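The next block holds one structure in the form of structure tokens; read it before the comments.
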Amino acid sequence: MFTAEDVKELRNRTNAGMMDCKKALEECDGNLEKAAEYLREKGMAAAAKKSGRIAAEGVVQSYIHMGGKIGVLVEVNCETDFVARSEQFLSFVKDIAMQIAASNPRYINESEVPSEEVDKEREIIRVQTLNEGKPENVVDRIVDGRISKFYSEICLLNQPFVKDPSITVNELVNRMTLTIGEKISIRRFTRYEMGEGLEKRKDDFASEVLGQMKA
């Protein structure tokens, strides 16, 4: 059995519709944790179905951090101009722009990372792991785990969402896809940081942005 409060809590956790939350609790005998996982799996499957659709509308969003220290341009696509103009979509795109400002990704997803860069990083990690005295039979597993962490640092979709680190940016995109009912894709972005590459005092502007997002 479950109550209306359980349905409300599940909705707050997952952003799923009320009827979907009720059905998930029915399927999972009122267990909130299992129901949340059920909705997550269902959501990922539903978002995957939309992934083959064409997203040719959208917006280019700019974000300038206070004082002009960091600037971001990002293009996020959806399927219709109606959604592109909606407050919900524009708020989502702003969050993505601020994510880029705060977390400084270099690529959108793993497929964009040059194989030579991954191979070089894998070799460095392997040597480090062996130098730590780890047994040969577990080295590959450790290297794979650290490569995943490497992707989560440099790939936007793999990064923890700064407003809610319990989910990745990719999961955030999937949730928004389900919420608005259209395919959403982050197509490209550019990030500028004042003085980048110059010999000068290093200010932690990214931490400032992160603090602003969490405020």
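Looking only at Ile96, Ile124, Ile64, which one moves most when the chain is put into a Gaussian network model with springs between Cα atoms under 10 Å? Most flexible of the set in this elastic network: Ile124. Comparing mean-square fluctuations of Thr129, Thr179, Thr168 from a GNM of the chain with C-alpha springs under 10 Å, the top value falls on Thr129.
Pairs spanning more than 24 Å between alpha-carbon atoms, out of Lys22/Lys163; Lys8/Lys163; Lys163/Lys183; Lys23/Lys94; Lys69/Lys94; Lys94/Lys163: Lys22/Lys163; Lys23/Lys94.
Counting neighbouring Cβ atoms within 10 Å and putting the fewest first, the residues Met19, Met194 line up as Met19, Met194. The slack between Met19 and Glu41, meaning 0.36 nm per residue of separation minus the straight C-alpha distance, is 6.3 nm.
Between Glu75 and Arg126, the simple label model (points 7 Å from Cα in the Cβ direction) yields a spacing of 3.8 nm.
Full extension of the chain between Glu117 and Glu57 yields a length gain of 18.3 nm, computed as 0.36 nm times the residue separation minus the alpha carbon distance.
Counting 0.36 nm for each residue step from Ile64 to Asp144 and taking away their Cα separation leaves a gain of 25.2 nm.
Considering helices alone, the calculated mean residue ellipticity of the chain at 222 nm is -17500 deg cm²/dmol, with DSSP H runs of length four and up weighted by -39500 (n - 2.57) and normalised per residue.
On the basis of the beta-carbon distance and an R0 of 22 Å, Lys8 and Phe82 show a calculated FRET efficiency of 0.15.
Each reported figure results from applying straightforward, stated rules to the coordinates on display, with no laboratory input. Computed from a predicted structure; not experimentally measured. As a convention, Cβ positions derive from the backbone with ideal geometry for all residues, glycine included, and neighbour counts pool all protein chains shown.
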